Amino acid sequence: MTRATRDRVWDAVPLRAAEHSFERLGEPPIAGGRLLDLGNLDAATEAQVLARLLSRDFDAWSEAAARVGHCARPVRLHGHSDTVDTRTGEVLSSFSSVESPLGVLHVRCGNRRATECSSCSRLYAADTFHLIRAGVTGGKGVPEQVGENPLVFATLTAPSFGLVHGIRGGRTCRPFTPQGQDRTCEHGRPTVCHARHGEGDELLGQPRCRDCYDYASHLVWQWWAPELWRRFTIDLRRALAKRFGVPESRLGELVTVQYAKVAEYQLRGIVHFHALIRLDGPKTDAGFASAPAGTSAALLATLVEQAAAGVAFDAPPLHEGDVVRRLRFGTQLDARPIAIARRTDDPDRALTPEQVAGYLAKYATKSATDSTNTDSPHARRLRATIVAVTERIHADARADDMPVREHPYGLLFKWRHMLGFRGHFSTKSRRYSMTLGQLRRRRVRYERALAAAHREGRTLDVRDLDDLLQDDTEETTLVIGHWTYAGTGWDTDGDTELAKAAAARAREYARQRAATRSEQRAATKSEPGTKSTVREEGSADE
Ligand SMILES: [Zn+2]
Ligand SMILES: [Zn+2]
Ligand SMILES: [Zn+2]
């Protein structure tokens, strides 16, 4: 693609969605100068891009693309809808896909994974960020007092199932063999590694010896990881009840535990959990009560560590002839108090609420295939183990005349692409903050208000926006429609590439803006002694 064509593409593709969000923030829209990077397209795709640029409905197309935030694989719908005033029954407006320039309505794919759709995954990450942050500092309908409640950031890891190569903070991977151990394993492979592995080294997370590595235990742990988490939350409540000297059944009259957690794959292909755990006051209808006097984040951190260290679960054998394994979290437990949002002189301060929320949101958009090399010999061996185990399960089931589904590992094969992890990547307790659904409804209301303001040519009053955040806002309009599925994705690869390039440009712009802002922040308050072990990522509007 020539420079001239690129320039043309740059000029041609508007960034409506992005401009709107800047409008909302009171900042000017994008200044020129950044090119739309279409990468190396093959001749056929390039021809499609040019055909789109020269097409008569280009404006309609680019508007449709902007409306879905340049989603890479939007869902296409046919149908119509009416917006009705619920008080009078009057039809305020109608929309029909037949009358729209492209003859079809595009809706975001909504995929949370960055590899599938960078635009929708960013939206998901931003929503996750907001709902996690609201649980830390309040906001979006969550009272600010939650920011005063004890809060802990905990990381619960998996134990070791064998030696793997790792980044050791720039040091040698494994410089020597502990006394009493052999310099080679029984398979004749060295137990030491003198390499200094850097980011991107394909040996990272790979076992030193795949024949020594305990693949069966790795899979059993991964399979029951959600169960370990569940038991951890029970044990934590138990520890709290003991601390307050009340029976567990009455703990809710004193405190409740709220959390948001994400599962993240480590390079060795096993998940670990990052969680924000908050101590609230007694159960109330509104939720979010203040924690009782005498509680602190430090106390909560201690109890979290104790509970996590004590959790155990005896996992059933994989198949006949296999053993029962007592599963625990790894020894690398970490639970640290989070600075209270409004208290900036906290001596324990290691992480800011923004950092933690951004960190969790980022991992919520990852999946097995993003953070581990699923084509590595280690990942292949994990999947091969799943296949082998599944064959034995089927044989056992046949012998016992029992349905495979009823076997404790009967569904393991179904989860082989997740390397045996069947849990959710991002979960939270009911009263942690709000739900993604609530956030989405608010966005729909916002977009509707914005569209109405545009249509009627009036200013959007920011005070009206406050109402959008109230969950109990009485809806005075109702949208009634009938839609049928017409397909998924853009019409051509060229359209897809255009949409992706525009999404990438919007992302780049957001990144630069976030960088500028954090530079400004750093310049205004340089705080020596503030330990920050987590990089600030995934800020609110990224
Ligand atoms: Zn999408
Ligand atoms: Zn190594
Ligand atoms: Zn070995």
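The set of residues in the stretch 413-452 being under 18 Å from L360 (Cα atoms) and part of a helix (DSSP H, G or I) consists of L436, L439. Just so you know, in the stretch 63-72 the residues that are in contact with a helix residue (DSSP H, G or I) (Cβ under 8 Å, 6 or more places away or on another chain) and closer than 18 Å to S97 by Cβ include one that is farthest from ligand 2 (Cβ to nearest atom), and it is E63. Here L123 meets each of (1) out of contact with any Leu (no Cβ under 8 Å at 6 or more places or on another chain); (2) surrounded by fewer than 19 Cβ atoms within 10 Å (Cβ to Cβ) with one exception, condition (2). Exactly one residue out of V152, V164 is within 16 Å of ligand 3 (Cβ to nearest atom), of a type in the set (V, I, T) and either more than 22 Å from Y363 (Cβ to Cβ) or surrounded by 20 or more Cβ atoms within 10 Å (Cβ to Cβ) (or both): that is V164. Does H130 satisfy the criteria of being of a type outside the set (A, V, I, L, M), modelled with pLDDT of 85 or more and away from ligand 2 (no atom under 16 Å from the Cβ)? Here the answer is no, as H130 does not meet what is asked. Spot the failing condition for E116; the list is (1) surrounded by fewer than 21 Cβ atoms within 10 Å (Cβ to Cβ); (2) within 16 Å of ligand 1 (Cβ to nearest atom); (3) assigned to a helix (DSSP H, G or I), and only one is missed. Checking E116 against (1) surrounded by fewer than 21 Cβ atoms within 10 Å (Cβ to Cβ); (2) within 16 Å of ligand 1 (Cβ to nearest atom); (3) assigned to a helix (DSSP H, G or I), the one that fails is (3). The single condition among (1) of a type in the set (V, I, T); (2) in a strand (DSSP E or B); (3) within 15 Å of ligand 3 (Cβ to nearest atom) that T177 does not satisfy is (2).
Residues checked against (1) more than 16 Å from ligand 3 (Cβ to nearest atom); (2) in contact with a helix residue (DSSP H, G or I) (Cβ under 6 Å, 6 or more places away or on another chain):
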site	(1), (2)
E199	yes, no
C209	no, no
R243	yes, no
S249	yes, no
V271	yes, yes
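Out of the residues in the stretch 275-312 meeting the condition of being surrounded by 16 or more Cβ atoms within 10 Å (Cβ to Cβ) and among the acidic types (D, E), tell me which one is nearest to V136 (Cα to Cα). Out of the qualifying residues, it is D280.
The listed residues are A125, A134, and the only one of them that is within 16 Å of ligand 1 (Cβ to nearest atom) and either under 21 Å from A361 (Cα atoms) or part of a loop (DSSP other than H, G, I, E, B) (or both) turns out to be A125. For first residues located in the stretch 42-59 and in contact (Cβ under 8 Å) with a residue 12 or more places away in the chain and surrounded by 12 or more Cβ atoms within 10 Å (Cβ to Cβ), partners that are part of a helix (DSSP H, G or I) and of a type in the set (A, V, I, L, M, F, W, C) and lie 6+ apart or on another chain with Cβ distances below 8 Å form the pairs V49/V9; V49/L498; R52/F58; R52/W61; R52/L498; L53/V9; L53/A12; F58/A12.
Determine whether the stretch 189-202 contains at least one residue that is more than 16 Å from ligand 2 (Cβ to nearest atom) and either closer than 19 Å to S376 by Cβ or not charged (D, E, K, R) (or both). No: zero hits.
The values are calculated or read from the model by the stated rules, or taken from the named source; none is laboratory data. Everything numeric in this text was worked out from a predicted model, so none of it was measured. Cβ: placed from backbone, ideal geometry, glycine included. Neighbour counts: every protein chain shown.
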